[in-house]
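Below is one structure, written out as C-alpha cells; comments come after it.
The values are calculated or read from the model by the stated rules, or taken from the named source; none is laboratory data. Small disclaimer: the values here were computed from a predicted structure and weren't measured. All Cβ positions, even for glycine, are placed from backbone atoms using ideal geometry, and neighbour counts span all protein chains on display.
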C-alpha cells in the first residue's frame with residue numbers, strides 16, 4: 001500500500017481539523033496539542049518515504065517548536081509525594097523507591113506476565129513495534145533502551161488524566177520496565193515510524209515516576225542511536241518536560257497524587 005507523496009493535502013486537512021477543535025475546546029487545549037503531535041507523526045512517516053522533501057523537513061521543524069512550546073506553557077509543579085531520587089551524576093541516574101514499587105506495582109507487573117524488551121537493532125525494533133503507535137520506554141542505568149512491548153494509543157496517553165477519567169490502577173508505569181534495579185537515565189513515550197530501511201522516532205521525557213529533567217535527553221538520544229543507528233541525528237525528535245516551579249499558565253498535577261487535571265492542561 002502506497003503512502004501519499006504530496007504533503008500539502010495532509011497539512012491542509014490537519015489545519016482544518018485543528019481550527020475546528022480550537023473553536024470547540026480553545027486554542028490552548030490539550031486536544032489541539034494532540035493534533036499537532038498526530039501531524040508530526042504523519043509528516044515524519046511521509047518523510048521516511050521521501051527524504052528529499054524540504055516542505056516536510058521544514059514542517060517537522062515547525063511542529064517540534066510548536067509542541068515543545070506548548071509543553072513548556074503547560075508548566076509543572078512539585079509533586080505532593082516524591083518517590084524518586086538521583087543516585088548518580090554524569091550521567092544522571094534516577095532511582096524509584098523500592099518500597100513504593102513493591103507495594104504499588106509489583107502485583108500488577110506479575111499479573112501482566114510481561115516484561116520490557118531490550119532493543120538491539122532496527123530489524124528487531126521494527127518487528128517488535130508497530131509504526132505510528134506509542135510505547136513506554138526507559139533507558140536503564142547501563143544505557144540500554146528498553147521498551148514495553150504493548151502499544152498504547154496516543155490519545156490514551158495524552159488524555160489519560162482528563163477530568164472525569166480515573167487513573168487505571170492496572171496501567172503500565174515506567175518503573176515496571178526496570179523492576180530489578182528501578183533505575184533510569186531517561187524515561188517517557190516513544191513512537192517509531194517508517195521501516196527498518198528508513199525510520200524516524202518521536203519521543204519525550206514524560207514520566208511522572210522518574211521525572212527525568214532536560215539533561216536526560218542526551219542519554220535518550222545516545223541509547224536510541226546505539227540501538228537504531230540513525231542515518232541522520234535529525235531523524236529523531238525529543239521533547240523535554242518543564243521543570244517544577246516554572247511559571248506557567250496551566251497547572252500540572254502529579255500522576256501519582258491525583259486522578260484529575262485541568263481539561264486544558266497540555267502536559268501529563
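Structural remarks
Conditions tested, residue by residue: (1) under 22 Å from the mean Cα position of the chain (by Cα); (2) at pLDDT 95 or above; (3) surrounded by 16 or more Cβ atoms within 10 Å (Cβ to Cβ).
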| position | (1), (2), (3) |
| --- | --- |
| 8 | no, no, no |
| 16 | no, yes, no |
| 22 | no, yes, no |
| 38 | yes, yes, yes |
| 63 | yes, yes, yes |
| 67 | yes, yes, yes |
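- Criterion applied to 57, 98, 106 was being within 21 Å of residue 132 (Cβ to Cβ) and over 20 Å from the mean Cα position of the chain (by Cα), and the one residue passing it is 57.
- Test: residue 138 is buried (at least 19 other Cβ atoms within 10 Å of the Cβ), closer than 18 Å to residue 215 by Cα, modelled with pLDDT of 95 or more and in contact with a helix residue (DSSP H, G or I) (Cβ under 8 Å, 6 or more places away or on another chain): yes
- Filtered residues of segment 168-193 (kept if at pLDDT 95 or above, in contact with a helix residue (DSSP H, G or I) (Cβ under 7 Å, 6 or more places away or on another chain) and either more than 17 Å from residue 92 (Cβ to Cβ) or in a loop (DSSP other than H, G, I, E, B) (or both)): 176, 179, 182, 189, 191, 192, 193
- Residue ID - nearest to residue 42 (Cα to Cα), chosen from residues in segment 148-167 that are in contact with a helix residue (DSSP H, G or I) (Cβ under 7 Å, 6 or more places away or on another chain) and modelled with pLDDT of 80 or more: 154
- Boolean, residue 231 is modelled with pLDDT under 95 and closer than 21 Å to residue 58 by Cα: yes
- Residue within segment 202-214 that is touching a strand residue (DSSP E or B) at 6+ places or on another chain (Cβ under 7 Å), at pLDDT 95 or above, part of a strand (DSSP E or B) and under 22 Å from residue 51 (Cβ atoms) present: yes
- In segment 111-121, the count of residues that are at pLDDT 95 or above, buried (at least 21 other Cβ atoms within 10 Å of the Cβ) and within 15 Å of the chain's Cα centre (by Cα) is zero.
- Residues in segment 216-239 that are farther than 21 Å from residue 197 by Cβ and not in a helix (DSSP H, G or I): 2 in all.
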